[in-house]
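Participant: Let me begin by handing over the structure; questions about it come next.
The values are calculated or read from the model by the stated rules, or taken from the named source; none is laboratory data. Note that the structure is predicted; figures quoted are calculated from it, not measured. For neighbour counting, all protein chains shown are included, and Cβ atoms are generated from backbone atoms with ideal geometry for every residue, glycine included.
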Amino acid sequence: MKRIVFLALLAIAGRVAEGREAVALADSIKTDSIEGFRFTTVDSVAITSVKNQKNAGTCWSYSGMSFLESEALRKTGKVYDFSEMFVVENTYMDRADKAVRTHGDVSFSQGGSFADVFYCLSNYGLVPDAEMPAGAMYGDTLSNHKELSAMTDPLVKAAASATKLQFSPDGEALWKKAVRAVHEIYLGKIPASFTYDGKQYTPLTFAASTGLSADDYVSVTSFTHHPYSTGNNIGRGFIIEVQDNWRWAESLNLELDDMMRIIDEALANGYSVLWGGDVSEDGFTRDGLAVWPDLTAPDAPGQDQARWLKLDRKAKGEELTKRPLPQKEVTAESRQRGYDNFETGDDHGMHIFGTAKDQNGNRYYMVKNSWGKTGKYNGIWYMTPEFCRAKTMNFVVNKNAIPKDLRKKYGIK
């Protein structure tokens, strides 16, 4: 995903010591207010501490690790802090390889998709954050990948444009050795083995010990430019056409109401959702709200068009989020139009872990972000279902969280 990266105010580092601390984080935000908003939690899945990706386009890894940490907590009762940088380094190398093999037709960048997270889980494993903490190689506790990218991007570009590549005596391309060496300098060296809670592991055996399996998860979306995954197309997905889906991973294509129903029923039954979508709209504020207001409603701001058009984005956001407003209807057609005209992209990845209501009874999803404990709710966002309907690119969920009738309808096994 193409990252929109913000400098967050605070970071949470280290492993959470007790399971009750993860549960307490969700409990601590049951009621709050922002410019006339008052939220009360309805359903909440246990989450781990809020992290900060800082100056790195790696929200796909941070949100992915947050999701897997909640899944491991649900399955085992244990609180884990998985290393985002382990996933990042393995993914960067794989993406560089594909960029070179396609002579640059696949982009090489800091972005990624959720497919990268689950590919890593299956093929490389996981490691505790203590083995590869962010920023440690340059004396920090947070990521800053600007210099890293400035070093590796030209290397990959040179290899992708070469007419013939050179290889070392051990059979590996020299450009790979060069890129890997830079990664190790800025991200840390991938451990062959390590000790965790008194036991010796490799990354693959550690991943297995958590009870997590990539086979348990499915990516779903809803667009009309491809057939739905039903009827003669049952069980078949499509490759979402965005640059950061460079693994060409498929997502099942569901009817819009069915896609939203999965989110609702998952949260109601103790499962969380790994969400990817667009956060470029004025209704996505930096203070913890994601709303899709209907500006044609009688009490909506901006009816004086001349005044409204003079407002900058920050001012618009403030107008849109002073109080709960009627939300705009989202249809399959309007959602598709947003994707087709480039208003909806794969900006950001976050972790949906609960539902809440405001003082008027309107529903919201509770979303854990990776910008540190920033905003009005210490790193938590409140997203209306309408925003989610309009701006979701895809999400990943445990297959067991999907209602049986929908699993049958879409051929989910």
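Participant: So which residues in region 379-397 are of a type in the set (A, V, I, L, M, F, W, C) and either within 24 Å of F118 (Cβ to Cβ) or not in a strand (DSSP E or B) (or both), if there are any at all?
Facilitator: Answer for region 379-397, where residues must be of a type in the set (A, V, I, L, M, F, W, C) and either within 24 Å of F118 (Cβ to Cβ) or not in a strand (DSSP E or B) (or both): W381, M383, F387, C388, A390, M393, F395, V396, V397.
Quick grid of which residues meet (1) among the charged types (D, E, K, R); (2) at pLDDT 95 or above:
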residue: D294; (1), (2): yes, no
residue: D304; (1), (2): yes, no
residue: K310; (1), (2): yes, no
residue: R313; (1), (2): yes, no
residue: L325; (1), (2): no, no
residue: A332; (1), (2): no, yes
residue: R335; (1), (2): yes, yes
residue: I352; (1), (2): no, yes
residue: T355; (1), (2): no, yes
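Participant: Can you say whether N400 is buried (at least 24 other Cβ atoms within 10 Å of the Cβ) and outside any loop (DSSP other than H, G, I, E, B), as far as the supplied structure shows?
Facilitator: Spelling it out, it is not the case that N400 is buried (at least 24 other Cβ atoms within 10 Å of the Cβ) and outside any loop (DSSP other than H, G, I, E, B).
Participant: Of all residues in region 95-123, how many are assigned to a helix (DSSP H, G or I), over 18 Å from Y62 (Cα atoms) and acidic (D, E)?
Facilitator: The number of residues fulfilling the criteria is 1.
Participant: Of the residues I234, I240, which single one is surrounded by fewer than 18 Cβ atoms within 10 Å (Cβ to Cβ), touching a residue at least 60 places away in the same chain (Cβ under 8 Å) and of a type in the set (A, V, I, L, M)?
Facilitator: Result: I234 is the single residue among I234, I240 that is surrounded by fewer than 18 Cβ atoms within 10 Å (Cβ to Cβ), touching a residue at least 60 places away in the same chain (Cβ under 8 Å) and of a type in the set (A, V, I, L, M).
Participant: OK, next. So which of G317, G375 is modelled with pLDDT under 95, farther than 26 Å from D43 by Cβ, surrounded by 15 or more Cβ atoms within 10 Å (Cβ to Cβ) and not acidic (D, E)?
Facilitator: The match here is G317.
Participant: Touching a Phe, Trp or Tyr at 6+ places or on another chain (Cβ under 9 Å), hydroxyl-bearing (S, T, Y), under 21 Å from G379 (Cβ atoms) and buried (at least 16 other Cβ atoms within 10 Å of the Cβ), is that true of S229?
Facilitator: Spelling it out, it is not the case that S229 is touching a Phe, Trp or Tyr at 6+ places or on another chain (Cβ under 9 Å), hydroxyl-bearing (S, T, Y), under 21 Å from G379 (Cβ atoms) and buried (at least 16 other Cβ atoms within 10 Å of the Cβ).
Participant: In addition: Can you find a residue in region 110-117 that is crowded, with 20+ Cβ neighbours inside 10 Å and more than 25 Å from G345 (Cα to Cα)?
Facilitator: Within region 110-117, none of the residues are crowded, with 20+ Cβ neighbours inside 10 Å and more than 25 Å from G345 (Cα to Cα).
Participant: When D215 is evaluated against the numbered criteria (1) crowded, with 16+ Cβ neighbours inside 10 Å; (2) modelled with pLDDT of 95 or more; (3) more than 21 Å from A46 (Cα to Cα), which criterion, by number, is the only one it fails?
Facilitator: Unmet condition: (1).
For (1) outside any helix (DSSP H, G or I); (2) touching a Leu at 6+ places or on another chain (Cβ under 7 Å); (3) of a type in the set (V, I, T), each residue gets a yes or a no:
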site	(1), (2), (3)
A130	no, no, no
P133	yes, no, no
M151	no, no, no
P154	no, no, no
A159	no, yes, no
G171	yes, no, no
K177	no, no, no
R180	no, no, no
H183	no, no, no
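Participant: So which residues in region 234-247 are more than 16 Å from D258 (Cα to Cα) and not charged (D, E, K, R)?
Facilitator: Of everything in region 234-247, those that are more than 16 Å from D258 (Cα to Cα) and not charged (D, E, K, R) turn out to be F238, I239, I240, V242, Q243, N245, W246.
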